[in-house]
Amino acid sequence: MKKVDRKILLNPGPATTSDTVKNAMVVEDICPREADFGSLIESIKNDLVKIVHGEEDYLATLFTASGTGGLEAAITSAVPVGKKLLVVENGAYGTRMVKLAETFGIEVVRYELKYGDYPDVKVIEKLLADDEDISHLAVVHHETTTGMLNPIQEICDLAHKYDTEVIVDCMSSYAGIPIDIRKWKAEYIISSSNKCIQGMAGLVFVIFRASLLPKLQGQKRSFYFNIYNQYVGFEKTGQMQFTPPVQVCYALRQAIDEYFIEGEQGRWTRYKENWDILVNGLQELGLTFLLPYEQQSKILLAIVEPKQAGYDFDQMHDYLYERGFTIYPGKGAKAATFRLSVLGDLYAEDIRAFLNELKNYFNTIS
Ligand SMILES: Cc1ncc(COP(=O)(O)O)c(C=O)c1O
């Protein structure tokens, strides 16, 4: 097994991966039209659904793309011509879905909040009640802009009361925070291979309610990101329609195996423990956070930029990067922040080592 230097990525994906996931990409060359490769994809799709307990009623389809490609597939495949999409927009990823829908001429009803404000379900209810043309609601589960966990169960329940289908961006929560899609009853959830599932970047997946297939058949907005064509194409031929990132698929297979070994609760516990160590250590350094405790995802923290003289995010980044730790800037939150995430193949000793270097950085400027 090839060993490479271990880097601690505290950006919210692409994540730190295990050596076994990295090495899973070193495989014999294979044409992705071979049956062996088709079996690999089939097993991946089935397990992706299993991770959110959707075996009874849900299906998965894969696209070669970053996460946004999956959002594009869900939004352009789901919303019928002439209908509207309600977007809960309390972070940059909510705004991304607005822009995405508008690019395709889909009319959007925006529930705009400051990045870091908690959505009020009463406002969502009013928006749904006031506009019968809203057929779909899109919301981010874990808003990676701020580290906020949005109230998906309540939002799904409300949307369904108004016969509205729900598209949940689970990019940075899927396989980290336990999700039971049978409870949410969301129609579509989307995530990518390079976040909490701890694989490599290059694949995105949409998990959708099986009974929607006939409805999806007529949707023709996108050629490449078309859920119906992609799903049915694979069912008919055992092959993906377009060239998959072959080695990334092997890495995802390995990452899924490692997920099941660690277990849903095991992974969540490890992330929460890492997060607790991080929070405590940052507090000891006198840092404060954008969000109140109860709104936090326990996966990513938006930290208010310190006022300390001599503090400079870029210098702090470079200091830490040279020592093997990658940190992440803020993204338009209501206060100036930088971000740290514990998603990935990270352990308590990694977080402690990071805190130690961060302390050293602050000592250099004080
Ligand atoms: C909540 C959320 N949505 C969507 C994305 C998709 O981004 P990308 O297309 O760069 O993978 C991300 C990536 O960080 C994300 O965190």
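Overview of results
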read-out	value
Region 165-201, subset part of a strand (DSSP E or B) and without any contact (Cβ under 8 Å) to a residue 60 or more places away in the chain, residue nearest to the ligand (Cβ to nearest atom)	V168
Every residue from region 138-159 that is closer than 20 Å to V81 by Cα and more than 16 Å from the ligand (Cβ to nearest atom)	A159
Matching residues in region 9-31 - criterion: being charged (D, E, K, R) and over 18 Å from S192 (Cα atoms)	D19, E28, D29
Any pair with Cβ under 7 angstrom, 6 or more apart, that starts in region 94-118 at a residue that is within 21 Å of D130 (Cα to Cα) and ends at one that is open to solvent by 50 Å² or more (accessible area, probe 1.4 Å) and assigned to a helix (DSSP H, G or I)	V108/E102; Y111/V123
Qualifying residue in region 325-337 (condition: at pLDDT 95 or above and farther than 21 Å from T145 by Cα)	no
Among the residues listed as V232, V248, V204, the single one being at pLDDT 95 or above, outside any loop (DSSP other than H, G, I, E, B), β-branched (V, I, T) and more than 16 Å from the ligand (Cβ to nearest atom)	V232
Residue match in region 342-356 (condition: farther than 20 Å from T146 by Cα, open to solvent by 10 Å² or more (accessible area, probe 1.4 Å), out of contact with any helix residue (DSSP H, G or I) (no Cβ under 9 Å at 6 or more places or on another chain) and outside the structural domain of L149 (by TED's automatic domain parsing))	yes
Residue identified as in contact with a Leu (Cβ under 8 Å, 6 or more places away or on another chain) and assigned by TED's automatic domain parsing to the domain that holds V246 among V98, V81, V108, V123	V108
Single residue of Q241, Q254, Q265, Q219 found to be assigned to a helix (DSSP H, G or I) and surrounded by fewer than 20 Cβ atoms within 10 Å (Cβ to Cβ)	Q265
Checklist (1) touching a residue at least 40 places away in the same chain (Cβ under 8 Å); (2) under 20 Å from L48 (Cβ atoms); (3) aliphatic (A, V, I, L, M) applied to I155, failing item	(2)
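The values are calculated or read from the model by the stated rules, or taken from the named source; none is laboratory data. Not measured: the values here are computed from a predicted model. Methodologically, a virtual Cβ is constructed for each residue, glycine included, from the backbone with ideal geometry; neighbour enumeration extends over all protein chains shown. The accessibility values were calculated without ligands, DNA or RNA, using every heavy atom of the protein model including side chains. Shrake-Rupley method; radii C 1.70, N 1.55, O 1.52, S 1.80 Å.
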